1. Considering every Cα-Cα pair within the stretch 1-144, what fraction, in whole percent, is farther apart than 28 Å?
2. What are the ³J(HN,Hα) couplings of the stretch 108-113, residue after residue, when phi is run through the Karplus curve with 6.51, -1.76, 1.60 and θ = phi - 60°? Round to Hz, x for glycine and proline.
3. For the stretch 107-164, what size does the Cα cloud have along each of its three principal axes, sorted from largest down, in whole Å?
4. What does the net charge come to around Leu171 if you take all other residues with beta carbon closer than 13 Å to its beta carbon, with K and R at +1 and D and E at -1?
5. In the stretch 6-240, with Lys and Arg counted as +1 and Asp and Glu as -1 at Cβ, which of these residues, Ala45, Tyr105, Thr84, has the Cα nearest the positive end of the dipole, that is, farthest along it?
6. Bin width 5 Å, alpha-carbon pairs only: give the P(r) of the stretch 110-241 as whole percents, running from 0 to the bin holding the largest distance.
7. Once you compute Rg and the Kirkwood Rh from C-alpha atoms, what is the Rg to Rh ratio for the chain?
8. Please give the net charge around Ala215, taking every other residue with its beta carbon less than 15 angstrom from that of Ala215, where Lys and Arg add +1 and Asp and Glu add -1.
Amino acid sequence: MSPTLVAPAVAEARAALLEVGGREATGVAAAIEALPAIPAFAVMATASQAARPQWAGLVDDLFERPLLKSAKAGLRNALMSTLTGDTLYRNVFFSFADAVVLWHYGHTQQRTGSARLDVAYAAMRRLLAGGERFLETMAPAEPDVAFFHRLRRVRLTKDNAYPTLRAAGRLLGAVEAGLTGEKLHAVRGSILTSYMTFSAQVVGMSRALRADRDAISREDVIAGLDAMTRLVQTPPAALAT
């Protein structure tokens, strides 16, 4: 596939997002386009292209914490989720964890230390509980396995929600390619784009579940995207305090 000119790609992707997301998506589209001005995002984009995820370090301890253990027990793999009709599966949720760890690395370039994992873990809990208001939300008790049983059944097919999420991923991919100079792929996005859109999906689904709804709306998707772009803008020290 030949390289795509990035500037027209950004304009086309923005138009596609606004078409499916409506006027409500204007703010998040602008936030996505502004990401390259954030030094941490440039680090995230570069680090996510590495053949070996040096930014991850040793995160075994993170995956032994209650939230991640409950997620592993309460979610199925992609194949089983397809067979059972679930819309959230393990790899999507773990991409959310990866995105938050990568966010921390983007701001600090730290790959070791329990304090790093403490902040990433608190950020995940705040995002699940508060969405775009995660800075105002203190980390609550960890969700249990039953939470993930419910979360995996939240549907993605209402109110143009999933097309809005896909269109936002297309815009994010175009913006990222403009920063890195990498080729744009119409189907296969970058690792960072996947992490960010999967994370927005998880946050949006959690928001719908808190409102006792069985499907996400465009509003939930936009809130999830808003949460993740705000996270990129936020230094970890703001959560540590």
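1. Of the Cα pairs, 33 percent sit more than 28 Å apart.
2. Each residue's phi maps through the Karplus curve to give 10, 6, 8, 10, 9, x Hz.
3. For the stretch 107-164, the Cα spread along each principal axis is 41, 27, 23 Å.
4. Result for the local shell: -1.
5. Projecting each Cα onto the dipole axis, the largest value belongs to Thr84.
6. 2, 11, 18, 20, 19, 16, 10, 4, 0
7. 0.94
8. Once positives and negatives cancel, what remains is +3.
No value in this document is a laboratory result; all are computed from the given coordinates. What you are looking at is a predicted structure, and each value in this text was computed from that prediction instead of being measured. With ideal geometry, Cβ positions are generated from the backbone for all residues, glycine too; neighbour counts draw on all protein chains shown.
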